[in-house]
1. Can you work out D for region 222-367 in µm² s⁻¹ from Stokes-Einstein, where Rh is the Kirkwood radius over C-alpha pairs, the temperature is 37 °C and the viscosity is 0.692 mPa s?
2. When only DSSP loop residues count, what trypsin sites (Lys or Arg not before Pro) in region 73-113 have their Cβ near at most 16 other Cβ atoms within 10 Å?
3. Report the Cα centroid-to-centroid distance between region 1-62 and region 98-124 in angstrom, as an integer.
4. Between 261, 201, 337, find the one with the highest GNM mean-square fluctuation for the chain; connect C-alpha pairs within less than 10 Å.
5. Students often get this wrong, so check it: of 275/377; 94/177; 88/394, which have C-alpha atoms separated by over 21 Å?
6. Could you work out the relative contact order of the chain? I mean the mean sequence separation of Cα pairs under 8 Å and 6+ apart, divided by the number of residues, in percent.
7. If I take all pairs of Cα atoms in region 143-244, what percentage of them are more than 20 Å from each other?
8. Alpha carbons only, please: Rg and Dmax for region 249-333, in angstrom.
Amino acid sequence: MKLHEYQAKEILASYGVPVPEGRVTHFPYDAWMVSMELGLPVVLKAQVLTGGRGKAGGVKIARTSDEAREIAQELFGKKLVTKQTGPKGVIIRKLLVEKAADIDRELYFSIVIDRTTSRPTVIASKRGGMSIEEVAEQYPEDIVKIPIDPAVGFLPYQIRQLKYALDLTEQEKEAAKIFSALYKAFYEKDCSLLELNPLAVLKSGHLLAIDAKMDIDDNALYRRKDISKMRDLTEYDPDELEARFAGLNFIKLHGNIGCMVNGAGLAMTTMDVIKLAGGEPANFLDVGGEATPETIAKGFEIITRDPKVKAMFINIFGGIVRCDKVANGIIQALKTVEVKIPVVIRLTGMNREEGMEILKKAPMKFFIAKDLREAAKMVADLAKKSVDIENGKKTAKKENKKEEKEK
Ligand code: GDP
Ligand code: MN
């Protein structure tokens, strides 16, 4: 789960990390007020869950309160397109208004989990302000990496190593305090990422976290209720949210084949075989261990709502839920939702034969495959066929129009 910058800064401040004074605003007039309260100049920052906001026009400085209001007016409701969002962009709904800082140098500091060493690892560089990917490409020698043993924590000699690497000998004590606080926050809040880019050295010589990014490990949210509550629902895809509230796991992709499966591993395999058969998945929906008529109906509803989806693939392994129960669930579900696209079904596992019999007798005609390979081929071909038919119709329509015009 990703936190907004203002949320991350709130948490970091509670650990004693210095952050700029600021407030979140929802209206241009708010921004005007806050700029008066804080004192000028102020920085207005789009609170959207993506990086690279500065370059995309989502971070702006205002020298007067009127200017703050004007910038806010322009930014609220605007679509911000950054390197990470793709052309779809994200809508700006909140702005963080902060007292602008007098920056001397911009540093990069982050802690991530390194999967090869299975340890939190500090990554830092003197070259902050630009993306760490760019630094790694152009100045790999300017990046330090310090793995931390979670059993003993961030040790004084490692903190010293970091201070030298970032030329912070003048800020000796302050830097040490901030680095330990950052590690403590990372550890105690179950972060998968904590990034300050930049961590600034101010003209006054003090350090200040100008930007903050915090990702929380989803698997730890059950014990971080305070953080779960911070989730900003407006930042999520509405279909994915609806699925989540129904207890389903739904992920949108870019192709045209809708997939309903049970289990994450089977979902991955399904994606692979569809691709091997020349198809492109439009999504995958994991109904989990509970393939009840209700969850299946919800699955059909969410998947077929998307006009991109031209064919559907149901790939179920009957283990805890037996295949006959799943088959009955599918038939029950189709009484409440109308499905107009071809549906390929592959069932395997417990009570497979009974399941197949039930499906064969169903009022809706399914494409029943004997194994995974056949199923993938079937669904890829069906999707391709409906695309071809649609394209054919479109060209036919165009030609009709042409003829009419000529007449
Ligand atoms: P990002 O582009 O999404 O990473 O947003 P940041 O919060 O990192 O802001 C982008 C850049 O704006 C920073 O690297 C700074 O150069 C600049 N910036 C942000 N806040 C201030 C500030 O208070 N004072 C000054 N001088 N520059 C700032
Ligand atoms: Mn940044």
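1. Rounded to a whole number, D works out at 209 µm²/s.
2. For trypsin sites (Lys or Arg not before Pro) across region 73-113 that sit outside H, G, I, E and B with at most 16 neighbouring Cβ atoms in 10 Å, the list reads 78, 83, 88, 93.
3. So the two Cα centres are separated by 18 Å.
4. Of 261, 201, 337, the Gaussian network model singles out 337 as fluctuating most.
5. Check vs 21 Å cut-off fails for 94/177; 88/394.
6. 12 percent
7. 50 percent
8. Using the Cα atoms of region 249-333, the pair Rg, Dmax is 12.0, 33 Å.
Coordinate-derived values only; no laboratory data. Fair warning: this is a prediction, and the values are worked out from it, not measured in the lab. Here the Cβ is made from the backbone with ideal geometry for all residues, glycine too, and neighbour counts use every protein chain on show.
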